[in-house]
1. Are any residues in the stretch 116-128 of a type in the set (Ser, Thr, Tyr) and more than 27 Å from Pro46 (Cβ to Cβ), and if so, which ones?
2. Select the helices (runs of 4 or more DSSP H) contained entirely in the stretch 32-140, then report the ones holding at least 1 residues which are of a type in the set (Phe, Trp, Tyr) and either out of contact with any Lys or Arg (no Cβ under 6 Å at 6 or more places or on another chain) or more than 22 Å from Met152 (Cα to Cα) (or both).
3. Looking at Ser198, is it among the small types (Gly, Ala, Ser) and not in a helix (DSSP H, G or I)?
4. Is it the case, given these coordinates, that Ile169 is of a type in the set (A, V, I, L, M), touching a residue at least 40 places away in the same chain (Cβ under 8 Å) and not in a strand (DSSP E or B)?
5. Residue pairs, Cβ under 7 Å, 6 or more apart or interchain, first in the stretch 101-118 and of a type in the set (Val, Ile, Thr), second assigned to a loop (DSSP other than H, G, I, E, B) and surrounded by 14 or more Cβ atoms within 10 Å (Cβ to Cβ). List them.
6. Which residue pairs have Cβ atoms under 7 Å apart, sit 6 or more places apart or on different chains, and have a first residue in the stretch 121-132 that is without any contact (Cβ under 8 Å) to a residue 24 or more places away in the chain and a second that is not in a loop (DSSP other than H, G, I, E, B)?
7. Count, please, the residues in the stretch 187-211 that happen to be surrounded by 17 or more Cβ atoms within 10 Å (Cβ to Cβ) and closer than 15 Å to Thr150 by Cβ.
8. Just to verify a result, which residue in the stretch 146-194, among those that are under 16 Å from Val217 (Cα atoms), polar (S, T, N, Q) and more than 13 Å from the chain's Cα centre (by Cα), is modelled with the highest pLDDT?
Amino acid sequence: MTSVADDGPFNDYGHFVPSSKRSTLVFLVRHGQTPTTGVELYGRKPGVFLSEVGSEQAQRVGERISQIRKGAFSAIYASPLERTKQTAQAISREVDLRVRHDKGLLELDVGDWTGRKLSELRKLKAWTSVQKYPSGFRFPGGESFLEMQTRMAATVERLVAKHAGKGLILVSHADPIRALIAHAMGTHLDLFQRTVVSPCSVTAILYTTNGPVVLSVNNTGGLNDLAPA
């Protein structure tokens, strides 16, 4: 049997393990803070950049990831929105990997609610469904939470298959990451809002042939314990 921390080509008995059967460590990073984080539901609104604080967060998370041994990660993918691309670029400078973009990592499409103030949205009757029954809610003119979760899970599974046995860094958004955590843990989508994913936090999931293993959620500290042996 291959150990959880083993990312090499041989198992504990010295037998060669094909890459398709090796575990793949995935670091999911939420983008850094923006000027309207916690104020506006910006969804996929263009032109939302990191604030000064967010840029500092992005640099720090890059430094934290770079402390893991060289070669632990083979690729960085980011959602193609400005705030995720900025965060990914800060990480790429520290780990010396080129950033690739993947639309599957995009933020939830909130449709007609894009750019609206959260203080206004909380007064709507539909807001209760967003919080209490997200699995049955679709944003007017946008995605449902279930579609977003399915998209995110399929994207990560595709990238894991492409980079089997190698580490991945995926820069995305709070709701897609939280929905993926619920999917990996077998938790109902209606409970996904109970998970906190802070700006530039790291969530680590190990994808194995027996299914995903959630190693850490909302990590804003040291990451060395999550490095492959």
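1. Thr128, the sole residue that qualifies.
2. Hits in the stretch 32-140: 126-132.
3. yes
4. So Ile169 does not fit the description; no.
5. The qualifying pairs are Val110/Gly43; Val110/Phe139; Val110/Gly142; Thr114/Tyr42; Thr114/Gly43; Thr114/Arg44; Thr114/Lys45.
6. These pairs meet every condition: Trp127/Leu121; Ser129/Gly136.
7. 2
8. Thr187
The values are calculated or read from the model by the stated rules, or taken from the named source; none is laboratory data. Here the structure is a predicted model, which is why all the values come from computation and not from measurement. Please note: Cβ atoms are built from the backbone with ideal geometry, for glycine as well, and neighbour counts cover all protein chains shown.
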